[in-house]
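Trainee: Handing you a structure now.
The values are calculated or read from the model by the stated rules, or taken from the named source; none is laboratory data. Since we're looking at a predicted model, the values are computed, not measured. In this analysis, Cβ positions are derived from the backbone assuming ideal geometry, glycine residues included, and neighbour counts consider all displayed protein chains.
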Amino acid sequence: MLIKTIFSGFGGQGVLSMGQTLAKAAMLEDKYVTYLPSYGTEVRGGTANCTVTVSDEEIASPIASEPEFVVAMNQPSFIRFQSLLQSGGFLLFNSSIVNPSSARGDIEVQGIPIIEIANELGNLRVANMVILGAFIKISNLISIDLLIKNLPEILGAKKAKLLDVNKEAIQVGFNYFKEFENDN
């Protein structure tokens, strides 16, 4: 197994945090991982993306040409990164602000209203964790239970006061898509 994913959006949407969270959780499952962040000079409001590769074997390159998954938090990312996605790949997007009408016909596209869900949870800052939970359900890359259990270690002391709402956001995102039932 070698799965490449690009997480993308505006700086400040927690794109890099999503990638780091996935990478750390995969390492805790004894998987090989590469994490490659990329962001513009204006971190907040500029474009940001990261590539996370997860494998059962050593990874030769962190570059994700033709990734299996793309997570797009905004319209520019949806447009830009779908062109890199391999045919038959999966694009998960923030349906609160992204219009999927320009999607390629040879990929699977699915949206989740993360802004509305995060607002229902009482904290817009966890929108990234909502879409991360949905991504985990769709991709089946890591165990949701192991992620939730290790979230304090993964997020660190700096995010301790947001731990409960982050756990809830991940779980709500994970449970959003019933059709992707799997043995996680």
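Trainee: Quickly run through the stretch 115-138 and pick out the residues that are farther than 13 Å from Asn175 by Cα, within 16 Å of the chain's Cα centre (by Cα) and in contact (Cβ under 8 Å) with a residue 40 or more places away in the chain.
Mentor: Within the stretch 115-138, Ala118, Arg125, Val126, Ala127, Asn128 meet the criteria.
Trainee: Please find, within the stretch 21-43, the residue that is surrounded by the fewest Cβ atoms within 10 Å (Cβ to Cβ) out of those that are part of a helix (DSSP H, G or I) and within 14 Å of the chain's Cα centre (by Cα).
Mentor: That would be Lys24.
Trainee: Sticking with this one: Counting only residues that are in contact with a Ser or Thr (Cβ under 7 Å, 6 or more places away or on another chain) and of a type in the set (S, T, N, Q), how many does the stretch 115-138 have?
Mentor: Total satisfying the criteria: 1.
Trainee: What number of residues in the stretch 21-49 are modelled with pLDDT of 95 or more and touching a Phe, Trp or Tyr at 6+ places or on another chain (Cβ under 6 Å)?
Mentor: Of the residues in the stretch 21-49, 1 are modelled with pLDDT of 95 or more and touching a Phe, Trp or Tyr at 6+ places or on another chain (Cβ under 6 Å).
Trainee: Ok, one more. Is there any pair with a first residue in the stretch 14-35 that is farther than 20 Å from Val126 by Cα and touching a residue at least 12 places away in the same chain (Cβ under 8 Å) and a second that is of a type outside the set (A, V, I, L, M) and in a helix (DSSP H, G or I) whose Cβ atoms are under 6 Å apart and which are 6 or more apart or on different chains, and what are they?
Mentor: Listed by first residue and then by second, the contacts come to Leu28/Asn150; Tyr35/Gly19.
Every residue, every condition in (1) buried (at least 17 other Cβ atoms within 10 Å of the Cβ); (2) modelled with pLDDT of 95 or more, yes or no:
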{"residue": "Gly19", "(1), (2)": "yes, yes"}
{"residue": "Ala64", "(1), (2)": "yes, no"}
{"residue": "Pro76", "(1), (2)": "no, no"}
{"residue": "Gly88", "(1), (2)": "no, yes"}
{"residue": "Ser102", "(1), (2)": "no, no"}
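Trainee: With the checklist (1) farther than 21 Å from Val54 by Cβ; (2) modelled with pLDDT of 95 or more; (3) more than 13 Å from the chain's Cα centre (by Cα) in hand, flag the one item Pro152 doesn't pass.
Mentor: (2)
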